[in-house]
1. Looking at MET162, MET152, can you tell me which residue is assigned to a strand (DSSP E or B) and buried (at least 16 other Cβ atoms within 10 Å of the Cβ)?
2. With the checklist (1) in contact with a Ser or Thr (Cβ under 9 Å, 6 or more places away or on another chain); (2) more than 22 Å from ALA476 (Cβ to Cβ) in hand, flag the one item GLY309 doesn't pass.
3. Which residues, counting only those in the stretch 508-544, are open to solvent by less than 10 Å² (accessible area, probe 1.4 Å), among the aliphatic types (A, V, I, L, M) and in a loop (DSSP other than H, G, I, E, B)?
4. Whether any residue in the stretch 556-569 is open to solvent by 10 Å² or more (accessible area, probe 1.4 Å), out of contact with any Gly (no Cβ under 7 Å at 6 or more places or on another chain) and over 26 Å from ARG780 (Cα atoms) is what I want to check.
5. Scan the stretch 195-210 and give yes if some residue there is crowded, with 20+ Cβ neighbours inside 10 Å, in contact (Cβ under 8 Å) with a residue 40 or more places away in the chain and out of contact with any Leu (no Cβ under 9 Å at 6 or more places or on another chain), otherwise no.
6. Pairs only if they're at least six apart or on different chains, beta carbon under 9 angstrom, first in the stretch 736-749 and under 16 Å from ALA690 (Cβ atoms), second exposed (fewer than 15 other Cβ atoms within 10 Å of the Cβ) and basic (Lys, Arg); list them, first residue then second.
7. Could you list all residues from the stretch 80-106 that are of a type in the set (D, E, K, R) and out of contact with any Pro (no Cβ under 9 Å at 6 or more places or on another chain)?
8. Scanning the stretch 729-767 for residues that are hydroxyl-bearing (Ser, Thr, Tyr) and in contact with a helix residue (DSSP H, G or I) (Cβ under 8 Å, 6 or more places away or on another chain), which turns out nearest to TYR141 (Cα to Cα)?
Amino acid sequence: MGAAIGLAVGVAAAGALGDHASGPIWLAVAAAAAGAAVVATRRRGRRAAVAAAALAWLALVAVGWWRGQPREPAVPADVTVGDRVEDRIEGVVGGPVVPGAGIVGAPVDTGDAVVFVWSAEPLVPGQRVAATGLVHAARGYLDPGSPDRSRMLAARGADWEMTARSVDVLADDPGAIDLAWRGAAALQHRCSRAIAGDGSGEPDAGRAALAGIAIGDRGDVPPALDARWRALGIYHVLSVSGLHLAVVAGLAFMLLRRLIAGSPLGGRVRPARWAAPIALAIAIAYTAVTGAQLATLRALAVVALVFAGAALDRPLRLADALGAAAAGILLWRPGDLYDPSFQLSFVAAMTLARLPRGARPADDAGRLARIAAHAVRGARASLWVTITTAPITAYHFHQVAPFGVIGNLILAPVVELVALPLALAGVAIGELSRTIGDPLVDLAALLVGWIDRAAGALAHVAPVGTIAVGSAATMAALVALALWLAGRAAPGRSARAAAAAAALWLAMCALWLTARSPAPAGALRVTFLDVGQGDAAIVELPDGATWLVDAGGVPGARDLAAASAPGRAVDGALAVYGRTRVDLAIVSHPHPDHYLGFAGMVTPIDELWTAAEPEARDTAGTAAQPSLTAVAAHLGVRVVHPPLGVARSEAGVELDVYAPRYDAATATATGGDATADPVRTVNDNSLVLAIRYAGRTIVFAGDVEAEGEADAIAAGLPRADVVKVPHHGSPTSSTEAFVDATHPALAVISCGAANRFGFPAPAVVARWLAAGADVARTDRDGAVTVTIDDAGGLEVARFR
């Protein structure tokens, strides 16, 4: 295990600090440290042993640093990444194929590079295809609390990503590995149909969940069931994980060993030696059929080591097998260190390996005493796994499920040890006899249905805690402290050990309290988030109130989950900042790239502002692109049309509304509430706001164009320190008059990387620069944070 930790430290340090030395230099450092360790081992004494161990560990850190060095990815021939020009790539589809919502994804090897292609058309391993679309870097959203999609893509063995507009099959010449992937996919589909039942209508919740549990097909799992199981901390069992593989492989090994022992060969061979390779073959087949997910592949490495030890009569401890598997994975693909499933699976296993066994019941103890002792040990193990993995879930998912102890102790074992084997046995037997196999599947589905009803009953009193850890370093420190405490969690400790443990507990609690990134005391903090081609900004007031100006959105997305994806980035940033609700949400204007993100948010919103529409221009929308009215109704939030002028004053912060201003009775600009002019475009009817604090002014201009800018200037729009540039830097906005009127020190352009509109226009950027403004862009800088202290000091920070 120490070797794996050393490699992990090196990989993490290389990722955080970058390339400060070439590969050969770090290899030389590793070789020198390893040589010194060998020399030290020749000396006797404890000091020499400690020195040798330290030098060997340093060598592993150096190797990890070398393997973790950032590299420049290769680019497919005739492709310029991020140039907004449609690309055409040719290559061979690899496996496994990853299912999505209405699309599939797979790596396509072009010979020069690997591009992960998402397509609405089938992608079959072994086919040579020509895919047309935009090749781009999988950067995700560069915001506090958002995952790094480039590292997730690297874990799939790809350098770039493409959402294909079309895919043409050029040839179909599969090799043996491709045929294996195809067979596994066909078998998964057949098993899914067997679990779904007679095929009449949609499968019930129990069968839909069982398909995800047994074979990794989560396509029909209802969102409500997903939420219930998440609240109970048993969400992980809804898809095939490393624990599933361990259960299947372990049960297969035990059954095979008993069958061999009871056969005529039982007295002449070692049952374990023969059972281990067969069980390993079953584990490999199960991994392939369930889609070869990353977590399952990592568990397969551990299973293979354990079975190899059993076959060679060299049993391995869990910690040793886990450490060897982790070290091999990090040497092969160091980017896996950043994958949450890698972190969760290995930290959970490390926790179980480090926990002291505790006292066993006496030999003459009764059955009830033994059962009680097992229950106590299980509850203790579940509690420690929850504690050690909580920083990981808080960092990646901004959630902690405190009731996971109960869920994993009572409900998860029924799923893992009863429903899963029953379902797999029923599917396998059903290939020979549906009469015997179908009842087993029915019983498994019935059990999962009961678990779901229990989860629904408990979910009302077991809400998921929304809490975030703001940095990877803090997460690692929390995990290390928790693992250290888990290893010392034995009864009967000395007073000195108890005092040390108490100090560690206090340190861990203090670190949890400082894990988030709140605004400085007495300051106004505004964060312009990266939400792609859209707008979103979090405004944190000195008294703790939170405002949100727009929430992004993806127009033309295939479904509401994709269309509202920026809302999850907003939630993540709010969680990292320690904000549990939004007191005021403002929609600058009803265009999807400004309001659809609200539909994906889970953070409660008290009130929503938008300009009044004199005519019914807000259509019903569609399921994937609902209207602003529909989104507000879904959120259950009160919609308010703010007044012109000073609309709100709180904690020394003043919010002024300058536009749009229209009076339907006189058809002229007037006072009253902010109201859209029916003869103007939706963009020109954007709310134009100014937020003032401590003598500083920040202007939000929505998507106003020349006409709307002129009206805001006529209404007295003031000079500003910071301006959110109108319309993402479009050439139809940022007129010379608007730039001269606001004349800011900082102009923030919110736009998507390599967006199809070509925003921001070079002339617009040049105009702001000529006025003396520093220009920040979310497509390049990520989130841009402006902090104003109570003395009027202004500080600007970029995410990268």
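The values are calculated or read from the model by the stated rules, or taken from the named source; none is laboratory data. Treat the numbers as computed from the prediction; the structure is a model and nothing was measured. So basically every Cβ, Gly included, is an ideal-geometry build from the backbone, and we count neighbours across all protein chains shown. Ligands, DNA and RNA are stripped out before the accessible areas are found, and what is left, the full protein with its side chains, is counted by its heavy atoms. Shrake-Rupley method; radii C 1.70, N 1.55, O 1.52, S 1.80 Å.
1. The match here is MET162.
2. (1)
3. Passing the criteria: ALA515, ALA523, LEU529, VAL531, LEU541.
4. yes
5. So far as the stretch 195-210 goes, yes, one or more of its residues are crowded, with 20+ Cβ neighbours inside 10 Å, in contact (Cβ under 8 Å) with a residue 40 or more places away in the chain and out of contact with any Leu (no Cβ under 9 Å at 6 or more places or on another chain).
6. ALA741/ARG719; THR742/ARG719; HIS743/ARG719; PRO744/ARG719
7. Scanning the stretch 80-106 gives ASP83, ARG84, GLU86, ARG88.
8. In this case the residue turns out to be SER750.
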